[in-house]
Amino acid sequence: MFLHYIWIDFKNELNRNPIIPPGFLSKIENCRKINSGMDVKIWNGYDCRQLLVENFPEYLNTYDSLPKPIMKCDMIRFFILYKYGGFYMDMDRTCLKPLRDLLSNDPDVILGAFRYLFFNFYNNDFLYSKPGSDFMRQCMQNIKLSHAPTNSLQVLLTAGPLFLVKQKLKYRGPDNIKVLYNQVNGCDICKCNRDLSKSNSFPDYSTTSWTDSLDSIFIWIYCNFYLIIFILIIVYLIRKLYFIRKISSI
């Protein structure tokens, strides 16, 4: 079974020997030890494009037309898993327990999720699939450049987590899709649970490097949504009380 990683040199996408930061290499080595027997594969930018050239040439134009390297990194993971199967993880993830423990009930696909408001948010930094997965095929077929007001939203919608949310909602195929929460998402972009005893893996979102300054505002709103609603309600009630008193004094 494969454990896949991707590291594309954003300054030279076809670099076959990109320099991977030591911190990420230590996380990979830790995961290799915990998941003994798994074939760890680190895909560089050349490998990623060559996978399409040799196996999925009809998608090569879509891949080449994506303007941001992170979009290509997001896109290619679906093709890797469709072709070879196994686990995919971003390099900022830490392993705590063997990933094979997550394969009970023989799922065709595993998605990591956390609850936000009233729906599941599926993150694409942790994925599992059997080779030839019908769900992965659907994802492959629906990737296209999206347009959004911020860098992050464009990335998230093109082939990132919001794209994955949409694909999960519309999927009606035969695959048995298993959704995991604390086992792989003890941390999200807002907080990290102190008790990770139930986690097999967790991410470190502090290393995210493709957001821009405007995105920090949207992330703050996302993480403080309930606080904002509470403040708006208080302001509304204060204004309401003020006008009631003003009218009664006339």
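The values are calculated or read from the model by the stated rules, or taken from the named source; none is laboratory data. What you see is a predicted model; the values in this text were computed from it and never measured. Cβ atoms come from the backbone with ideal geometry, glycine included; neighbour counts cover every protein chain shown.
From the list 64, 74, pick out the single residue that is surrounded by fewer than 18 Cβ atoms within 10 Å (Cβ to Cβ) and not in a loop (DSSP other than H, G, I, E, B).
Going through 64, 74 in turn, the sole match is 64.
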Practice problem: Give region 2-24 a look and list any residue that's part of a loop (DSSP other than H, G, I, E, B) and either of a type in the set (Asp, Glu) or loosely packed, with under 15 Cβ neighbours inside 10 Å (or both), or say none. | Solution: 9, 11, 12, 13, 14, 16, 17, 19, 21
Quiz item: Within region 120-142, can one find any residue that is surrounded by fewer than 18 Cβ atoms within 10 Å (Cβ to Cβ) and under 30 Å from residue 226 (Cβ atoms)?
Solution: yes
Quiz item: Since residue 122 meets every condition but one in (1) touching a Gly at 6+ places or on another chain (Cβ under 8 Å); (2) at pLDDT 95 or above; (3) not small (Gly, Ala, Ser), which condition does it not meet?
Solution: (2)
Exercise. Scan region 89-107 for residues that are charged (D, E, K, R) and surrounded by 20 or more Cβ atoms within 10 Å (Cβ to Cβ) and jot them down.
Key: 90, 93
Exercise. Could you tell me whether any residue of region 47-67 is assigned by TED's automatic domain parsing to the domain that holds residue 6, under 30 Å from residue 197 (Cβ atoms) and among the hydrophobic types (A, V, I, L, M, F, W, C)?
Key: no
Quiz item: Among the residues of region 146-160, how many are surrounded by 15 or more Cβ atoms within 10 Å (Cβ to Cβ) and touching a helix residue (DSSP H, G or I) at 6+ places or on another chain (Cβ under 7 Å)?
Solution: 10
Exercise. Six or more apart or on different chains, Cβ under 6 Å: which pairs go from a residue in region 25-44 that's outside any loop (DSSP other than H, G, I, E, B) to one that's polar (S, T, N, Q)? Could you list them?
Key: 27/94
Quiz item: Quick one: residue 81 ticks every box in (1) outside any helix (DSSP H, G or I); (2) in contact with a strand residue (DSSP E or B) (Cβ under 7 Å, 6 or more places away or on another chain); (3) more than 19 Å from residue 181 (Cβ to Cβ) bar one, so which box is it?
Solution: (1)
